[in-house]
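Enquirer: Please read through the structure below; I'll follow up with questions.
The values are calculated or read from the model by the stated rules, or taken from the named source; none is laboratory data. Owing to the predicted nature of the structure, the values given are computational and were not obtained by experimental measurement. Accessible surface areas use protein heavy atoms only, side chains included; no ligands, DNA or RNA. Shrake-Rupley method; radii C 1.70, N 1.55, O 1.52, S 1.80 Å.
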Amino acid sequence: TARRPVLEAGAAQVAARTPGVRVHRGVQVSGLVTGPGRGGVPVVTGVRTTAGTIDADLVVDAGGRRTPVPGLVRDA
């Protein structure tokens, strides 16, 4: 177990050393970018942010309990 700041610092250090991983700090997500999926269910292929669109193979929501992602998924 760990307090959130300790866990976040550890995760940030690992991400910084992992090739192909980019962490974007200080930007706010305004929407999800989707592409065609299977059976009519779209697939998230990136995010729209205050700094522009970011294409991604994997999008991780680390927003905690107050995450806006459920609403963004509904909007997508």
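Enquirer: To the nearest 10 degrees, how steep is helix 4-17 against the longest Cα principal axis of the chain, on a 0 to 90 scale?
Expert: Tilt of helix 4-17: around 80 degrees.
Enquirer: Report, to the nearest whole %, how much of the accessible area of the chain belongs to carbon and sulfur atoms, 1.4 Å probe, protein only.
Expert: Carbon-and-sulfur percentage of accessible area, whole number: 54.
Enquirer: Please work out which option in (i) 19, 44, 29, 8, 0; (ii) 21, 50, 22, 6, 1; (iii) 15, 44, 32, 8, 0 gives P(r) over Cα pairs in 10 Å bins from 0, in percent calculated from these coordinates, and answer with its label.
Expert: Given (i) 19, 44, 29, 8, 0; (ii) 21, 50, 22, 6, 1; (iii) 15, 44, 32, 8, 0, the structure-derived one carries the label (iii).
Enquirer: Excluding ligands, DNA and RNA, what is the solvent-accessible area per residue of the chain at a probe of 1.4 Å, expressed in Å²?
Expert: Solvent-accessible surface per residue comes out at 84 Å².
Enquirer: Express the relative contact order of the chain as a whole percentage, based on alpha carbon pairs under 8 Å and six or more residues apart in sequence. Can you show the working numbers first?
Expert: Details: 75 pairs, mean separation 16.3, N = 76.
Reported as a whole number, the value is 21 percent.
Enquirer: May I pose another question? Can you run phi through the Karplus equation (6.51, -1.76, 1.60; θ = phi - 60°) for segment 20-30 and list ³J(HN,Hα) in whole Hz, with x for Gly and Pro?
Expert: x, 9, 10, 10, 10, 9, x, 10, 10, 7, 10
Enquirer: Still on this structure, please answer the following. With every protein chain left in place and a probe of 1.4 Å, what is the accessible surface of residue 18, to the nearest 10 Å²?
Expert: The accessible area of residue 18 comes to roughly 60 Å².
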